[in-house]
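Only one structure is covered here, and it is reproduced in the block below.
The values are calculated or read from the model by the stated rules, or taken from the named source; none is laboratory data. These numbers were taken from a predicted model, which means no experiment stands behind them. Methodologically, a virtual Cβ is constructed for each residue, glycine included, from the backbone with ideal geometry; neighbour enumeration extends over all protein chains shown.
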């Protein structure tokens, strides 16, 4: 009986350890209703940039949005939504977005 209690206790502890693993930032998702995401990493080894726009170029292989691009969103590493503007949108060709 004592061995059975120890076995059950160990299994409960293992289960609790698995269930209580905290989520990493990469596991967090801005909005789970949106099914597609693409990570854009910006490496800057120079000065701190503030209010600086980044050009995002999409080619014809990007077909995950509505025909007018109205469902595209950009968020920072803290899941704060970022402002952007679409310079050029072509559902079957190249598109340019500034974030």
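Working only within region 44-62, note down all residues that are surrounded by 10 or more Cβ atoms within 10 Å (Cβ to Cβ) and in a loop (DSSP other than H, G, I, E, B).
Listed by number, the residues that qualify are 49, 52, 53, 54, 60, 62.
Going by what's in this entry, would residue 41 be described as at pLDDT below 65, within 16 Å of the chain's Cα centre (by Cα) and either assigned to a loop (DSSP other than H, G, I, E, B) or surrounded by fewer than 10 Cβ atoms within 10 Å (Cβ to Cβ) (or both)?
no
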